[in-house]
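Below is one structure, written out as C-alpha cells; the observations come after it.
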Amino acid sequence: MHKPSTREIALTLRRKGFAYSHISEKTGLSKSTLSEWLSKIPYTPNQQTVKRVGKAIAASNARKTQIRQEETEKVRQAAFLNIGDMSSRDLFMFGLGLYLGEGSKTQDITRVVNSDPDVICLAIAWFHGLGVWREQFTIRIHLYPDSNIEESLQFWSRATTIEKDQFSKVQIDRRTNKKKNRAGKLPHGTAHLTVRSLGRKEFGVVLSRKIQAWTDEVARVVKTRD
C-alpha cells in the first residue's frame, strides 16, 4: 500500500482548509516551505481552522491568500507572453545557464545538484537534448538526520521518473556544526544528478569538457560586449 509522502500530506491538509500553522504542527515542515509548496492551492478555511483562529482572522487570511494567488496568476500570464515559443538554441543556452549555476565545477564530472525537483527535471531534459540516454543517469540524494530515507527515495524517483535502481546509496549529513533550524526545511534533501558514460566515450570526460568549453565561450563573448 502506498504511504503518502510529507508533501502529499501537506497538500491534502491544505485542500481540506487547514492553516499553515496546523499543517506545520502535523508535518514538522517550516511555514516558508509550506508557502513554497502550497501557494497555488485554493484556500477556504474549514470549521476547525475558523474555530482555532477566529472567524475574522480566518476570513482575512483567506482573502490575503486569494489576492496573492490572483497576483501570481497575472505574473504567470505575463511571463507566458514574454517568453513565447522557445527555439532549440534557447533551450540549449538555458541549460548552459542552469549548469553554470548548479553544475559541478569538479573537472571531468558531469553533475547537477539541487533541492528543487523542477531544476533536476530541467537538467534531465537538457541532457536528453544533448543525446544522453535515461539509463546513463544516476542520482544520489543527500539527506539530514530528520529525513525519511524511503520516502525521499520515492519522492525523487516519482519526480524525475528515474527508477530507484539507478539511485546510489543515500548520504546522511550528520555534521554537528550544522544549523539546527534547518530541520524540516529540506525534508527530501538534495539530489545529485550525475551522467555516466556507460561505454559512450562522448558522454564521459568529453561531455564534461565540452560543457566547460561552452560556458567559457559564453563568458568570453559576454566580456567582449561590455
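The values are calculated or read from the model by the stated rules, or taken from the named source; none is laboratory data. None of these values were measured; they are calculated from a predicted model. All Cβ positions, glycine included, derive from the backbone under ideal geometry; neighbour counts span all protein chains shown. The protein model used for the area step is the full one, side chains on, heavy atoms only, and it has no ligands, DNA or RNA in it. Shrake-Rupley method; radii C 1.70, N 1.55, O 1.52, S 1.80 Å.
Listing for the model above:
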read-out: Net length gained if the chain between T12 and F80 were fully extended (0.36 nm per residue, minus Cα distance); value: 21.6 nm
read-out: Distance violations [Cα-Cα > 19 Å] among K31/K55; K169/K201; K40/K64; K16/K51; value: K31/K55; K169/K201
read-out: Area accessible to solvent at M86, 1.4 Å probe radius, in Å²; value: 100
read-out: Kyte-Doolittle mean at least -0.5, axial Cα span of 15 Å or more - DSSP H helices of the chain; value: 88-102, 117-129, 149-160, 205-225
read-out: Portion, in percent, of the accessible area of the range 103-226 that falls on carbon or sulfur, probe 1.4 Å; value: 51
read-out: For the range 135-151 versus the range 1-60, the gap between their alpha-carbon centres in whole angstrom; value: 26
read-out: S60-Q107 FRET efficiency (beta carbon distance; Förster radius 41 Å; 0.05 resolution); value: 0.15
read-out: Accessible solvent surface per residue of the range 1-145, calculated while the other protein chains remain in place, 1.4 angstrom probe, Å²; value: 63
read-out: Relative contact order (%) - criterion: Cα under 8 Å, at least six apart; region: the range 1-50; value: 44
read-out: Estimated FRET transfer efficiency (E36, E202; beta-carbon r; R0 35 Å; 0.05); value: 0.40
read-out: Among Q66, Q48, Q77, residue whose mean-square fluctuation peaks in a GNM of the chain (springs only between Cα atoms under 10 Å); value: Q77
read-out: At most 16 other Cβ within 10 Å, DSSP loop - trypsin sites (Lys or Arg not before Pro), the range 142-174; value: K169, R174
read-out: Cα→Cβ-extended label distance, 7 Å offset, between E25 and T72, nm; value: 2.4
read-out: Cα convex hull of the range 6-123 - mean projected area over all directions, nm²; value: 9.6
read-out: Probe 1.4 Å, all protein chains present, accessible-area order of V50, V206, largest first; value: V206, V50
read-out: With DNA, RNA and ligands ignored, accessible area of S24 (1.4 Å probe; Å², nearest 10); value: 30
